[in-house]
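Step one of this worksheet: look at the structure below.
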Amino acid sequence: MTSEGSTVLTVDRKSFYFLAYVLSLITGIIMLIIAGQDRRLRKHGIQAIMLGLLSIIISLVLFFVPFLPTIVSLLIWLYGLYVGFEAYSGRDINIPWISGFADEHSK
């Protein structure tokens, strides 16, 4: 394999970190499945799944408050995109409670 081929693989792998957070629950599961031995991608897949579940749980709890579930879910999604962008850039953000769980279960 040429050095160009490995560069493409590196760029693609980096983009997976961001893509995990785009549709957090769905793409997180996909990234978790395709991660293989990549511990960092498994960690971001788990974090994306946890952020998606958090968004769903908060939406259910705040269901009867007008507009609030939508606003909170949007903010969680934007935060996930920020975490994904930082992971793409090579920096991992520590999400309280979620990152510890993801670290423990991505081994």
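Derivation of every value follows stated rules applied to the coordinates shown; laboratory data play no part. Everything numeric here is computed off the predicted structure, so don't read it as measured data. Here the Cβ positions follow ideal geometry from the backbone for every residue, glycine too, while neighbour counts run over all protein chains shown.
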Item checked: Matching residues in the range 31-47 - criterion: being of a type in the set (A, V, I, L, M) and exposed (fewer than 15 other Cβ atoms within 10 Å of the Cβ) -> Ile33, Ile34
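Of a type outside the set (Phe, Trp, Tyr), surrounded by fewer than 12 Cβ atoms within 10 Å (Cβ to Cβ) and out of contact with any Asp or Glu (no Cβ under 6 Å at 6 or more places or on another chain): is that true of Gly28 in this structure? So that I can check it myself, show each step before the final result.
Details: of a type outside the set (Phe, Trp, Tyr): yes; surrounded by fewer than 12 Cβ atoms within 10 Å (Cβ to Cβ): no; out of contact with any Asp or Glu (no Cβ under 6 Å at 6 or more places or on another chain): yes.
Here the answer is no, as Gly28 does not meet what is asked.
In this structure, does Val83 turn out to be among the β-branched types (Val, Ile, Thr) and over 21 Å from Arg13 (Cβ atoms)? Show your work before the answer.
Numbers: among the β-branched types (Val, Ile, Thr): yes; over 21 Å from Arg13 (Cβ atoms): no.
So Val83 does not fit the description; no.
Yes/no per residue for (1) more than 26 Å from Asp12 (Cα to Cα); (2) surrounded by 11 or more Cβ atoms within 10 Å (Cβ to Cβ); (3) out of contact with any Gly (no Cβ under 7 Å at 6 or more places or on another chain):
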| position | (1), (2), (3) |
| --- | --- |
| Phe63 | yes, no, yes |
| Ser73 | yes, yes, yes |
| Asp92 | no, yes, yes |
| Ile98 | no, yes, yes |
| Ala102 | no, yes, yes |
Checklist line | Cross-chain or 6+ apart pairs with Cβ under 8 Å, the range 86-107 first and on the phi > 0 side of the Ramachandran plot, then outside any loop (DSSP other than H, G, I, E, B) | finding: Gly90/Lys14
